[in-house]
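Nothing in this text is a laboratory measurement; each read-out follows from the coordinates by a stated rule. These figures come from a predicted structure and were not determined experimentally. Cβ placement follows ideal geometry from the backbone for every residue including glycine, while neighbour counts extend to all protein chains displayed.
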Amino acid sequence: MRPADQTEYIVQCIRDAGSMYEDDARAFLAEHDAHVLAEALAQDAPSPEFNAAVARRAQLLAEITARGGEWTTRRTHNLYKSLGITGVFRSTVREDLAAVHRAGHLVQHDEPGRRFYTARGGADRG
């Protein structure tokens, strides 16, 4: 949205040019502002892929919290299959686990040749 003084300046210029009445100029500017705002919101709207990742990660966190234990890429991938979440590659599973970890919900454990996650502060329900 433009500042009020800028709107007044534009309205004055249009009025001075004689191409529009002041009320028409204000209506035109309001419509233009609404259009610009709608375009900006549409560009900033999350993609369907983003929304799917957020939902998938929320479901993952809920399952890890409920079930406990060590969560590897394989275990998580098998969970997704059992929940009907298809078309997810191992790299996506790794990204999901890492994202939930970065959000502070999981503890990452690294052993030689193995990485797994556990719920932060949760008891091991294994």
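How much net charge surrounds Ala55 when only the other residues with a Cβ under 12 Å from the Cβ of Ala55 are counted, with Lys and Arg +1 and Asp and Glu -1? Surrounding charge for Ala55 is 0. Available extension along the chain between Thr86 and Glu111 is 6.1 nm, counting 0.36 nm per residue and deducting the alpha carbon span.
As a rough guide to protection, the peptides 64-77, 97-110, 46-59 ranked by mean Cβ packing within 10 Å, highest first, stand as 64-77, 97-110, 46-59.
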